[in-house]
1. List the helices (runs of 4 or more DSSP H) that sit entirely inside region A:114-207 and contain at least 1 residues that are farther than 21 Å from residue A:46 by Cα.
2. Starting from residues that are small (Gly, Ala, Ser) and part of a helix (DSSP H, G or I), keep the ones in region B:349-408 and report whichever is nearest to residue B:445 (Cα to Cα).
3. Inside region A:61-85, can you point out the residues that are closer than 24 Å to residue B:281 by Cα and out of contact with any Phe, Trp or Tyr (no Cβ under 6 Å at 6 or more places or on another chain)?
4. Only one of these is in contact with a Leu (Cβ under 7 Å, 6 or more places away or on another chain) and either in the same structural domain as residue A:193 (by TED's automatic domain parsing) or closer than 30 Å to residue A:10 by Cβ (or both): A:100, A:64, A:88, A:68. Name it.
5. When residues of region B:327-372 are filtered for being polar (S, T, N, Q) and touching a residue at least 24 places away in the same chain (Cβ under 8 Å), how many remain?
6. (1) within 20 Å of the chain's Cα centre (by Cα); (2) surrounded by 17 or more Cβ atoms within 10 Å (Cβ to Cβ); (3) β-branched (Val, Ile, Thr): which one isn't true of residue A:131, the others all being true?
7. Quick one: how many residues across region B:1-35 are farther than 30 Å from residue B:201 by Cβ and loosely packed, with under 11 Cβ neighbours inside 10 Å?
8. Name the pairs whose Cβ atoms lie under 6 Å apart, with the first residue in region B:294-319 and facing another protein chain (nearest Cβ under 7 Å), the second in a helix (DSSP H, G or I) and of a type in the set (D, E, K, R), and 6 or more positions between them or separate chains?
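The values are calculated or read from the model by the stated rules, or taken from the named source; none is laboratory data. Since this is a predicted model, take the numbers as computed values, not measurements. Virtual Cβ from ideal backbone geometry, glycine too; neighbours counted across all protein chains shown.
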Amino acid sequence: MRILIVEDEPDLLASLAQALREEGYAVDTADNGDDGLFNAEGTDYDAIVLDVMLPGIDGWEILKRLRKTKKTPVLMLTARDQTRDRVKGLDTGADDYVVKPFDLEEVFARLRAVIRRSANKTTNLIEIGDVQIDTAARNVLFKEKPVELTAREYSLVEFMALHRGEVVTRTQLYEHLFDENDTTMSNLLDVHVSNVRKKLGAEFIVTRRGHGYCIE
Amino acid sequence: MKIFKSIKWRLQLWYGLILVVVLAGFGFTAYQLERNRQFGRIDQELHRRLNVLANALHRPPPRRLDQGFFRPPPDQMPDEAPPIRQENRPQPEFRLPPEAAQLFGTNDSNGFYFHITSGTENDRHEIARSENYQKPKAVIQFDHFFDQLNHADLPPEKRPAKLKSMDYQDERITADILPSGELIEVGCSIAPELNELRHTALNLAAVGSLILLVGLTGGWWFVGCALWPVSAISTTAAKISAGDLSQRINVADAESELGQLAAILNSTFARLETAFAQQKQFASDAAHELRTPVTVILTQTQMALARERDAAGYKQTVEACQRAAQRMRKLIESLLELARFDAGQEILKRMKFDFAKMISDSTELVQTLADERGVKIMAELDALEVTGDPERLSQVVTNLLTNAIQYNQPSGEVRVKLESQTGLAVLKIADTGQGIAPEDLPRVFERFYRADKSRTGAGNAGLGLSICKAIVEAHGGTMEVASKQNVGTTFTVRLPV
């Protein structure tokens, strides 16, 4: 899962980015409106965390312009908790909002929710054959036994599971699992895929030669 | 009683009372006039008949009502004129001429009657009477006629000009004693007149009551109309005191005294509402400014505590928390400073000091910042002394200079000019920045107002210019701003010397 955070307060940006990385997300950051819009339009993020008050283009404007081209889920961070601000945010196209000051747990939960909704899932539980994925607790059961996965392996499983039945290209996987700071080796993805197959059964991820991978 | 405390009731009672007194006065006067007219007419009739009878007795010259008896002068008096109350005077013969007899009734009890007697008071004998004279009906009260009876022997010019009459039950009687000693009584029934007067009195009372009723009703309505705004005002004021500051009194009649009062109250309410809204906005802005540092502390600590960290990780968190706390401290200090100025609690030093030197000191203080941005500061300072708090005023100058540098273009200029104008020290600080948009210009001194909606740096909460203005105004000075876009902004501070 790859996320963009647009926030101008440096300490807040740093702690949010670090916390989300530790949650296993690939995180890109922008500390002003112009960079934020550029990133948001250029990459398929799984979600965007967007502050309202920004130097340059403000959060409302970014949202408005972004909605012309992309449906990326957007979680607004706002310091104003008046109803009209929330209504304005939701009407402009935000998927959810969090009012400052917030708890990190709440941001995580809301992020999971907007990502889940954008994948048309209604619960945190995904069942594929013998594999059960709990996206809230971020754990995976295989034949009802917990499986140890690294953060990146889990992200791979979750992303593939949310796009079940679709062929996911390697480029897509690179985009969603690694952020702009990762200097990935091209074969790192194959390593992750083979590790997941070892842990969850060889048939869990199917390779479509010349296209990518798929969970059926 | 509560009812008598009400203005409406007291007014009603007061003019009701006045109306009753006036109406009663008019009614009484009208009744008296009517009564006098009626009785005057009867008296005239009675006296005419008395004279006719007197004439019939002796045929003396007729007595005129207004002049008493007319008698010839004494020298023309006939010698044989009998002395008054002569004991054995021969009885005069009495013959009532027919034209005089018509004046008196016969059996008709309503008509006029007469009774003529002679003799002394205790020994009277009748000379003549009308047919309808009934003794018990009228008993002459001699006391009543005493004056005029006792004056019978006076010369006519000294006799009372007018004969008296008296009422006995529903009769009216007059009497006179002729110089020759005969007592003539003439009377008539006044029952119809009394009846008529009773009618008049009833009519007057009815008309008076009607007028009173109309007056009271009209007055009630009018007082109600006049006092209606008072209840409107109190209803609105009650709503406002209950917390709804948007209420206004509906001023229907702006010209009346209460209308003017309502207009004044409305403007007071409007100012209250604005002040309340500003206060609310201020509190909400202050809370909003505190939200970001609190968010930083929360996310930093929650993230740090989520798992074990190395020392560097914790240090990072603690440093971030410190920065957030510093920012909050600065904000809180600014807020408290403003609150003290608002409450008039900020104690300013009052001392004479060299304003020009203080400005050049401040300029040196910001020189490093100016050098960083390549901004040139040009000062043109007249030697001037002002009285005030040098630390506070230095805060103002430094703040304005910092703004002028920060919002300048690279390698721009800041011009500082101090001069004396008609007893005022005028300080102008002009930059060559991009200027302030006209829509933002009137609001730059507002608290938490930032022309640039985003934060331009931690700690800049948009309170600096508000504090500067508060300081200058606490010194009895004024602060203004003028700006032209893409040319620059000039702040002008005027202080009394």
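1. Counting at least 1 such residues, we get A:188-200.
2. For region B:349-408, the residue satisfying everything is B:404.
3. A:77, A:79, A:80, A:81, A:82, A:83, A:84, A:85
4. After ruling out the rest, the residue left standing is A:100.
5. Going through region B:327-372 one residue at a time, the tally reaches 3.
6. Here residue A:131 clears every test but (1).
7. Adding up the residues that qualify gives 5.
8. Close Cβ pairs (under 6 Å, with a partner that is in a helix (DSSP H, G or I) and of a type in the set (D, E, K, R)) amount to B:296/A:11.
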